[in-house]
Amino acid sequence: MRISEFATHYYLRETGPFRSLSELSAGSEDPVFLNLLTRHERDPGYRRRYGRNYIAVRREVEARLRELFIARGGKPRRRHPFYLVLGESPWFRDLNADHRELRIPLSQLDPEVTSLTFPDSFVALTRDEKPYYNKVFLLSEIDELIARFGVPENDQLVPYERYWETEFELYIEVQLWDVPPMIDV
């Protein structure tokens, strides 16, 4: 099984790369989030959905994710990570017609500030029925992770409108706990 040698960060053209909703000072009352919350109603190319309490739950998940990463020896330099996927995800890319992408070779990611979850961290840290849930993996464990659990399918058939109701095992998520290499954010 061939393991991807890069991670991809997807972002909206108008906001630019490496932004975090968790850092919005007004949380779910922030105009940026309120715009995203209802954007799918005005923009048919925007398929992402958020619940009203998304930011509060995301912050809780990130606090736990950070705690688990530190327990594994990680040294995060940010309170909230930036998100990428291992390899690429056509499903994630197509959530928004305006998605852009940046690819970063895994060799350029610092293992001290890079963690992984199988699958998406929101799913991995809010459910418990799978052996890889509630776990954070290290960059050095990619080979072992894939050998044990495989590579998730990028199933284009998972509906965007209610994806949170599925098993949602579409990709391995990469969390970057520092400013990305070669990018001035």
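Ligands, DNA and RNA are left out, and with a 1.4 angstrom probe the accessible area of the range 42-125 is 45 Å² per residue. The label point for GLU60 and the one for ALA147, both projected 7 Å from the Cα toward the Cβ, are 3.7 nm apart.
What is the percent carbon and sulfur in the accessible area of the range 1-96, measuring with a 1.4 Å probe over the protein chains and ignoring ligands?
49
Against the chain, whose longest principal axis is taken from its Cα atoms, helix 31-42 shows a tilt of about 70°. At the residue level, LYS75 shows approximately 110 square angstrom of accessible surface with a 1.4 angstrom probe and all protein chains present. Proximity of backbone amide H atoms, modeled 1.01 Å from N, is registered between PHE6 and GLY87, LEU106 at under 5 Å, excluding neighbours fewer than 5 places apart on the same chain. Once C-alpha pairs closer than 8 Å and six or more residues apart are averaged by separation and normalised to the residue number of the chain, the relative contact order reads 30 percent. Can you tell me how the range 74-156 classifies by the Cα gyration tensor, rounded, prolate or oblate, using a/c under 1.5 as the rounded cut? It comes out rounded by the Cα gyration axes. Here ASN134 and ARG79 are evaluated by their C-beta separation; at R0 = 22 Å the FRET efficiency comes out at 0.60. Comparing VAL123, HIS99, ILE70 along the charge dipole axis of the range 69-128, the residue lying farthest to the positive side is ILE70, per the Cβ-charge model.
Rounded if a/c is under 1.5, else prolate if a/b beats b/c, else oblate: with a ≥ b ≥ c from the C-alpha gyration tensor eigenvalues square-rooted, which is the chain? Rounded shape, in that the Cα axes give a/c under 1.5. Its Cα centre serving as origin, the chain has a Cβ charge dipole (Lys and Arg +1, Asp and Glu -1) of approximately 360 debye.
Tilt of helix 54-71 relative to the longest C-alpha principal axis of the chain, in degrees (0 to 90, nearest 10)? Roughly 10 degrees between the two axes. Note on the range 1-78: with charges restricted to the Cβ of Lys and Arg (+1) and Asp and Glu (-1), its dipole about the Cα centre is near 280 debye.
The values are calculated or read from the model by the stated rules, or taken from the named source; none is laboratory data. Note that the structure is a prediction, hence the values are computed from the model and not measured. No Cβ is skipped: glycine too gets one built from the backbone with ideal geometry, and neighbour counts run over all protein chains shown. Side chains included, ligands, DNA and RNA excluded: accessible areas come from the protein's heavy atoms. Shrake-Rupley method; radii C 1.70, N 1.55, O 1.52, S 1.80 Å.
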